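What follows is a short report on a single structure.
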Amino acid sequence: MQLPAAFYLPDGDGLVATALTIGPWDPGLQHAGPPAALLAREAERASGIPGGQTVRLAFDVLGPVPVGPVRVAARVVRPGRRIELVEAALEAGGRTAMRLTAWRVRTADSADTASPAPPLPVGPQESAPAQFSVFRQEVAYHRSLEWRAAAGSLTGPGPAAAWTRPLCALVEGEPITPLQHLLVMTDAASGISAELDWSRATFANVDLVVALFRQPAGEWLAMDAATTLGPTGVGQCAADLHDTRGRIGRSVASLFVEPR
């Protein structure tokens, strides 16, 4: 099977989404993971702290992101030499579809006071290869990562943990960074830990917050996710995030839940 080389292709001063961005709900709409990674890329490009660390990323999904042309822009809204706040927005289909606020900080060596970060009990090499059956298209988001199940079932109900490895670039001609890979992956936490049948209910996230005490590193990253459903059509998905050295942070997403 011939896959696109990247989620996005440069097109003048914008980008065009490829089939690898297609999400599970509608073949004309993007999964939120690739746009989230694209916003983080733009925020880091706008940063005024060279070599800084992005410690919190808060994404708002303002509406569906169509598969097609997109534009991203970012600005520093709270400049500083040690701490800054960067805002980024993604336009698609003639409107702002997603936005991001990201806190970035200057880094320094504090290894002597760092807390231990235990790894997942099962690493990527010991985890079982996994595939998804919920995507309607043969080429879609699920083909962009190599998936391995570390705990639970990635397609059945209940908490689950998965390792992933990127199989494409974010933007054609650029190597995907570990942070970009993390964001492409992490938006799928509610998918691998779903508590409802995909064919009978939708549970789309309206936001995603990722908080990191260490930047991700290496080829393999993991999320250990659980979804909790409330009594009023609202859910929440939380995940511990890992690389092969140990835990690096957490994510949380708010879910809008309704029958199909």
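Every number here is computed from the coordinates shown, using simple stated rules; none is lab data. Everything numeric in this text was worked out from a predicted model, so none of it was measured. Cβ: placed from backbone, ideal geometry, glycine included. Neighbour counts: every protein chain shown.
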Mean-position separation - Cα centroids, the range 9-44 and the range 193-241, in angstrom: 19
Could you give the length gained by full extension between Leu3 and Ser254, i.e. 0.36 nm per residue of separation minus their alpha carbon distance, to one decimal place? 87.2 nm
Would you pull out the residues with amide H under 5 Å of Leu29's amide H, same chain only if 5 or more places away, H placed 1.01 Å from N? Gly23, Val67
Estimated [θ] at 222 nm from DSSP helical runs (n ≥ 4, -39500 (n - 2.57)) normalised by residues in the chain, nearest 500: -3000 deg cm²/dmol
Report the rotationally averaged projected area of the chain based on its alpha-carbon convex hull, in square nanometres. 14.1
Extended-chain gain in nm, criterion 0.36 nm per residue less alpha-carbon gap, Glu146 and Arg71: 24.2 nm
For Met1, what is the net charge nearby, where nearby means another residue's Cβ is under 12 Å from its Cβ and Lys, Arg count +1, Asp, Glu -1? 0
Can you check what the net charge comes to around Pro157, using other residues whose Cβ is under 9 Å from the Cβ of Pro157 (Lys, Arg +1; Asp, Glu -1)? -2
Of all alpha-carbon pairs in the range 161-253, indicate the percentage at a distance above 18 angstrom. 46
Hey, can you rank 56-68, 9-21 by average C-beta count inside 10 Å, highest first? 56-68, 9-21
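At 0.36 nm per residue, and after removing the present C-alpha to C-alpha distance, how many nm does the segment from Asp112 to Val16 gain when stretched out fully?
Length gained between Asp112 and Val16: 30.1 nm.
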Semi-axis lengths, Å, the range 1-153, gyration tensor of Cα atoms, sqrt of 5 times eigenvalues: 29, 26, 12
Taking R0 as 30 Å, what FRET efficiency do you get between Ser133 and Thr232 from their Cβ-Cβ distance, rounded to the nearest 0.05? 0.50
What translational diffusion coefficient, to the nearest whole µm²/s, does the range 1-59 have by Stokes-Einstein, given a Kirkwood radius computed over alpha-carbon pairs, a temperature of 20 °C and 1.002 mPa s viscosity? 161
Here the range 7-14 yields Karplus 3J(HN,Hα) values (6.51, -1.76, 1.60; θ = phi - 60°; whole Hz; Gly and Pro given as x) of 5, 9, 10, x, 8, x, 9, x
